[in-house]
1. In this structure, is Asp161 modelled with pLDDT of 95 or more and open to solvent by 20 Å² or more (accessible area, probe 1.4 Å)?
2. Determine, yes or no, whether Val210 is at pLDDT below 90 and open to solvent by less than 50 Å² (accessible area, probe 1.4 Å).
3. Give me the pairs, please: first residue somewhere in region 192-214 and farther than 22 Å from Pro16 by Cα and acidic (Asp, Glu), second residue anywhere and open to solvent by 40 Å² or more (accessible area, probe 1.4 Å) and not in a strand (DSSP E or B), beta-carbon distance under 6 Å, and either six or more positions apart or on two chains.
4. Would you check which residues across region 93-131 are among the β-branched types (Val, Ile, Thr) and either on the phi > 0 side of the Ramachandran plot or surrounded by 20 or more Cβ atoms within 10 Å (Cβ to Cβ) (or both) and list them?
5. Restricting attention to region 1-60, report how many residues are polar (S, T, N, Q), within 16 Å of the chain's Cα centre (by Cα) and more than 21 Å from Val134 (Cα to Cα).
6. With the requirement that a residue be loosely packed, with under 10 Cβ neighbours inside 10 Å and modelled with pLDDT of 65 or more, what does region 230-262 give you?
7. Kindly check whether there is at least one residue in region 109-119 that is modelled with pLDDT under 90 and β-branched (Val, Ile, Thr).
8. If you go through region 61-82 one residue at a time, do you hit one that is at pLDDT 90 or above, open to solvent by 40 Å² or more (accessible area, probe 1.4 Å) and not aliphatic (A, V, I, L, M)?
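The values are calculated or read from the model by the stated rules, or taken from the named source; none is laboratory data. This is a predicted model, so every value here is computed, not measured. Note that each Cβ is placed from the backbone with ideal geometry, even for glycine, and that neighbours are counted across all protein chains shown. Surface accessibility is based on the protein's heavy atoms, side chains included, excluding ligands, DNA and RNA. Shrake-Rupley method; radii C 1.70, N 1.55, O 1.52, S 1.80 Å.
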Amino acid sequence: MNPPIISLTDWFQTAPGGYLLAWEKAQFDLSVANLFGYNALQLGLSELHTLEANRMPHRWLALPEEFMGETVLGSRGDEDRLAPSNGSPRVALVTNAAALPFPEASIDLVVLPHTLELSADPHHVLREVERVLVPEGRVVISGFNPNSLWGLRQSRGRLADRMGLSAWGVSRLYLPEAGDFIGPGRLRDWLRLLSFEVESERFGCYRPAVRSDKWLQRMAWMDRAGPRWWPIFGAVYFVVAVKRVRGVRLLGPAWRPRRTVMAAPVSVANRH
């Protein structure tokens with residue numbers, strides 16, 4: 001019998017979860033530190049302070065609707081999570097990522113840490129992000145890569161579970177069951193359709209799907225070899241995209257510009 005499936009929040013408390021959070025935190029800090037504007041928004045994943053290194057005056061954390069029952073109406077210990085910690089944005093609103101309560105072109109930066117793969121309609125979420133972003137605004141996205149050792153381990157577990165194979169733990173999932181992996185190629189296609197231009201893309205977490213911190217440390221050399229030998233097979237991908245808006249082309253006057261008329265030579269009277 002399979003062990004109970006833990007949530008993504010609980011999984012982040014495990015050794016591989018902490019390893020992934022540390023890598024993503026470094027990538028978010030590097031990507032948002034020099035992005036300027038007025039308003040920045042993080043959608044989901046309160047465990048990761050993605051806007052801590054950003055210097056915009058208004059930085060908000062928005063969580064999905066289920067957060068209302070777990071935290072806002074929960075125990076006092078949960079309510080403490082609403083307070084800002086170490087410069088990170090506090091929980092400003094509880095909302096559906098597919099229906100953001102912001103006017104068009106009002107946000108300079110939107111961060112989606114594993115938000116799309118946990119959404120029922122990730123493409124709709126991207127459309128909503130495109131709506132609220134200002135022209136030349138940026139969206140930063142992280143997600144699990146299905147074409148990785150972690151993704152293959154997860155796919156094997158799901159296949160074994162459908163086939164009723166539970167011996168030797170082959171049907172045990174490595175990652176939480178919630179959500180659906182979105183490949184980086186598929187994400188690029190969605191961004192292109194919404195007039196986003198991918199500014200940067202990178203992969204990380206090349207260590208195999210082991211559960212103990214001891215084995216993760218022994219496989220640390222794979223993080224150095226992975227970007228060189230198998231760069232697109234990291235367990236997680238990280239994408240920064242810019243919203244491009246084609247400007248109106250200024251047309252000149254319908255008439256042709258007047259040509260410069262050269263003055264005719266002046267005749268000199270009484271010239272011999």
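1. Criteria not met by Asp161.
2. no
3. Glu197/Arg244
4. Ile107, Val110, Val111, Thr115, Val125, Val129, listed by residue number.
5. So the count comes out to 2.
6. If the condition is that a residue be loosely packed, with under 10 Cβ neighbours inside 10 Å and modelled with pLDDT of 65 or more, then Arg246, Gly247 are the ones that fit.
7. Looking through region 109-119, none of the residues is modelled with pLDDT under 90 and β-branched (Val, Ile, Thr).
8. no
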